[in-house]
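Peer 1: Have a look at this one before I ask anything.
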Amino acid sequence: MDPKEKQQPVTYVSGLGYLPATPKLTERRNLTLRYHLVILSTMLVLGLWLVLLPPFQALMVRLGLSAWEGELAARIPTLLCCYLPAMLILWLCGHRSKGVLGAKKAIGIRYGYALGLGLGISAIARLLTTGGLWLMSVCTPFYYQHQIPPLPDSFSSLLLELAALVLLPSVLEELFFRGLVMGRLKEYGELVAVLVSSVLYAILSPALDQLVFRLFLGLVLGLARLRSFSVLVPMVVSTGVNLAWLCLDWLSLPFYLAGVLLLLLAGMGAVALWSGKHLRAFQNRDRDTNLTNRAKINLLITNFFFWILLIVGMISLVSKIQIIG
């Protein structure tokens, strides 16, 4: 055999020994490895966030900042320390081509359409979340209070709040989820890339009322990433949505409701204009692979719960460890 000839991967079949792996089995194995990679990176971000944020908060308070400004200032180094290692893992594992991030000029979609769609969908998600939490508080003893950021009392506080809550999270999250995560999964289909990135994006929500909000928003951001071939579009959309809701939370109830209505109208207008000019804007363009979308989703659920059980087991073991001496 020519040593330069590429050997086919083999698999073990009971009773038949080692046989050449089928394309379906090869794709299943490769997809499983990709799932493990992106879930591990996401869990790394979440774990580092829980571990690093309190020490940074204490450090900022010791530097003389107020409690709120200290929390905002602590978010900036925490975000950098959380996302940079995870992004480095995803970047190094696999083909490091220039098209992984997709940080190039957007084509095929205008920023206004994507931003309007993101604002409208985020308004629907916020209304659904608020209605669901209100219904749970009425029907059950459950009660959840929405955390509203206080108004900045100075220009420096305003800049700090915009950097910590709007600009930096949008840039890092979109580079990670819509850039690297989708870049590692898009070869397995658009549905898989958008769904996995949206679910993992929602898991990292800082509060309970953000779960549905971020899940809906993640679907829009993933669609914008696919149709624009650029991560810059979801960055702009995420920044605009975060800024809009931050400003709305500062308003009184009548102005808040009026703002939500405007966002809904903007979303309806964006959908009408975009679907009218681009008839296939919302159409799934998955190419045929050896696995069905149902098999890919089942594989995602299996791998996700594997990591959940692993983390729960590690936490239970750590709580029982006793240091002797």
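Peer 1: Evaluate segment 7-16: report whether one residue or more is surrounded by 12 or more Cβ atoms within 10 Å (Cβ to Cβ), farther than 19 Å from Glu161 by Cβ and at pLDDT 90 or above.
Peer 2: Within segment 7-16, none of the residues are surrounded by 12 or more Cβ atoms within 10 Å (Cβ to Cβ), farther than 19 Å from Glu161 by Cβ and at pLDDT 90 or above.
Peer 1: Report yes if Leu172 is closer than 21 Å to Ile76 by Cα, in a helix (DSSP H, G or I), assigned by TED's automatic domain parsing to the domain that holds Ile121 and not small (Gly, Ala, Ser), otherwise no.
Peer 2: Answer is yes for this residue.
Peer 1: Another question, if that's okay. Val138: out of contact with any helix residue (DSSP H, G or I) (no Cβ under 9 Å at 6 or more places or on another chain) and in a helix (DSSP H, G or I), yes or no?
Peer 2: Here the answer is yes, as Val138 does meet what is asked.
Peer 1: How do the pairs read when you match residues in segment 156-175 that are at pLDDT below 90 with residues anywhere that are crowded, with 20+ Cβ neighbours inside 10 Å, using Cβ under 9 Å and keeping only pairs 6 or more apart or on different chains?
Peer 2: What qualifies is Ser156/Glu69; Ser157/Glu69; Ser157/Leu72.
Peer 1: Being assigned to a helix (DSSP H, G or I), modelled with pLDDT of 90 or more, within 30 Å of Thr289 (Cα to Cα) and of a type in the set (A, V, I, L, M, F, W, C): is that true of Val38 here?
Peer 2: Judged against the criteria, Val38 is a match.
Peer 1: Do we have Ser197 as in a helix (DSSP H, G or I), hydroxyl-bearing (Ser, Thr, Tyr), outside the structural domain of Val45 (by TED's automatic domain parsing) and surrounded by 19 or more Cβ atoms within 10 Å (Cβ to Cβ) here?
Peer 2: So Ser197 passes the test.
Peer 1: Then there is this: Restricting attention to segment 61-81, report how many residues are under 13 Å from Leu165 (Cβ atoms) and β-branched (Val, Ile, Thr).
Peer 2: 2
Peer 1: Still on this structure: Looking only at residues that are in a helix (DSSP H, G or I) and among the polar types (S, T, N, Q) in segment 247-298, which one is farthest from Gln147 (Cα to Cα)?
Peer 2: The selected residue is Asn293.
Peer 1: Restricting attention to segment 137-187, which residues are of a type in the set (Lys, Arg) and within 23 Å of Phe213 (Cβ to Cβ)?
Peer 2: If the condition is that a residue be of a type in the set (Lys, Arg) and within 23 Å of Phe213 (Cβ to Cβ), then Arg178 is the only one that fits.
Peer 1: Considering only segment 201-217, I want to know if a residue exists there that is in contact (Cβ under 8 Å) with a residue 12 or more places away in the chain, under 22 Å from His95 (Cα atoms) and outside the structural domain of Arg29 (by TED's automatic domain parsing).
Peer 2: No, the conditions are met nowhere in segment 201-217.
The values are calculated or read from the model by the stated rules, or taken from the named source; none is laboratory data. Predicted, not measured: the structure shown is a model, and the values here were computed from it. FYI the Cβ positions are ideal-geometry reconstructions off the backbone, even for glycines, and counts take in every protein chain you see.
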